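Worksheet: the structure to be examined is printed underneath.
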Amino acid sequence: VIELGRLTDTPTPHIDTVYALVKLLAKTMSEEKGQVQLRKAA
């Protein structure tokens with residue numbers, strides 16, 4: 001979707017943000033050996 005937006009000069013700010021966050025999550029999981037801890041909200 002990002003690539004299509006760039007090809008058509010269509011801004012995709014929300015998708016760009018989600019993509020960046022997913023890349024950061026993947027990097028963090030790789031560095032932490034895939035350990036993710038979920039905690040219940042208070």
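For the chain, applying the loop criterion from DSSP together with a ceiling of 11 other beta carbons within 10 Å to the GluC sites (Glu not before Pro) yields Glu32. Using the rule -39500 (n - 2.57) for each DSSP H run of four or more residues, divided by the residues of the chain, the 222 nm mean residue ellipticity is -18500 deg cm²/dmol.
Would you please name the trypsin sites (Lys or Arg not before Pro) within the chain that are DSSP coil residues with at most 16 other C-beta atoms within 10 Å of their C-beta? Sites meeting the loop and neighbour criteria: Lys33, Arg39, Lys40.
Read the figures in this text as sums done on the coordinates, not as results from a lab. In this text the structure is predicted, and so the values were computed from the model without any measurement. Don't worry about glycine lacking a Cβ; one is built from the backbone with ideal geometry, like all the others, and counts go over all protein chains shown.
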